[in-house]
1. Can you pull out the residues in the stretch 10-31 that are farther than 18 Å from GLY119 by Cβ and either at pLDDT below 50 or surrounded by 13 or more Cβ atoms within 10 Å (Cβ to Cβ) (or both)?
2. Identify, by number, the condition in (1) within 15 Å of the ligand (Cβ to nearest atom); (2) farther than 20 Å from PRO53 by Cα that ALA144 doesn't meet.
3. (1) touching a residue at least 12 places away in the same chain (Cβ under 8 Å); (2) among the hydroxyl-bearing types (Ser, Thr, Tyr); (3) in a helix (DSSP H, G or I): which one isn't true of SER67, the others all being true?
4. When you go through (1) modelled with pLDDT under 95; (2) over 30 Å from LEU21 (Cα atoms); (3) not polar (S, T, N, Q) one by one for PHE180, which number turns out not to apply?
5. Out of all the residues in the stretch 108-133, which are of a type in the set (Val, Ile, Thr) and buried (at least 21 other Cβ atoms within 10 Å of the Cβ)?
6. Taking interchain pairs and intrachain pairs at least six residues apart, which have beta carbon atoms under 6 angstrom, with the first residue in the stretch 34-51 and within 13 Å of the ligand (Cβ to nearest atom) and the second of a type in the set (S, T, N, Q) and in a helix (DSSP H, G or I)?
Amino acid sequence: MRLQVEMASGKVVRENENTELDKLLIQLLPEGGSVDDYLKWFNDPKVRSGLFPTTPTDAVNIESWLSSLVDNPKKFYQFIGVGDKIVGHIGLNDIDQRAASAEVGIVIGEKDFWGKGLGDRVFKMLMPIATNQLGLSTIYARIAGHNFRSINLVTKNGFRLDKTSGLSIPEKWKVYSCKFK
Ligand SMILES: CC(C)(COP(=O)(O)OP(=O)(O)OC[C@H]1O[C@@H](n2cnc3c(N)ncnc32)[C@H](O)[C@@H]1OP(=O)(O)O)[C@@H](O)C(=O)NCCC(=O)NCCS
């Protein structure tokens, strides 16, 4: 997508542009992430620097984390399919039906896909599911202070710094949240 200003009205409009990503099918898929992919992604220092410190690093713990995503009422995870490749996931953790809240987590493990708007696209695919299908009204994100990509991603999607959430965070991390409706 490219932003353009219409000369007559000064209105900002979006124009379709055939970027590399536009040529590929982007899907949220309920399954597909492999232990081998996550071993690579969760141990990649650049990916890892944005991840919560408790994220598993070895095959046994990654396998049990992947199993914990299935049939779990507190989680809703979708793998990100680009063309015929799984490149990461976006999901909800700690779904609390009573409080109508959850925490969003996103990992694009394949760094070739960073900075191309993929995070934004899948974020915009997940949020309507979280609100309309799962009935959630507050979504949190815990983000490392240095993770500018992630901070930009959530703030341009309506999230704001939240100093009252009560969620536990490591030093120099921050909580962002968005209230829907
Ligand atoms: C965080 C992450 C999901 C962002 O995905 P992405 O596809 O690269 O993000 P986008 O391309 O949609 O860009 C989102 C915003 O980040 C910023 N951004 C993009 N590329 C950037 C770059 N090279 N440098 C700095 N900021 C950049 C931009 O502000 C962009 O918004 P814009 O397109 O309106 O300018 C991805 O980098 C990732 O998976 N990182 C590792 C795991 C992680 O940190 N997860 C988040 C945990 S809270």
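1. Of everything in the stretch 10-31, those that are farther than 18 Å from GLY119 by Cβ and either at pLDDT below 50 or surrounded by 13 or more Cβ atoms within 10 Å (Cβ to Cβ) (or both) turn out to be GLY10, LYS11, VAL12, VAL13, GLU15, ASN16.
2. That leaves (2) as the condition not met.
3. Here SER67 meets the rest and fails (1).
4. Condition not satisfied by PHE180: (2).
5. In the first step, residues of the stretch 108-133 are kept if they are of a type in the set (Val, Ile, Thr); the result is 108, 122, 129, 131.
Correct list: ILE108, VAL122.
6. GLY50/SER150
The values are calculated or read from the model by the stated rules, or taken from the named source; none is laboratory data. Keep in mind that what you see is a predicted model, and the values were worked out from it rather than measured. Neighbour counts run over all protein chains shown; Cβ positions are idealised from the backbone, glycine included.
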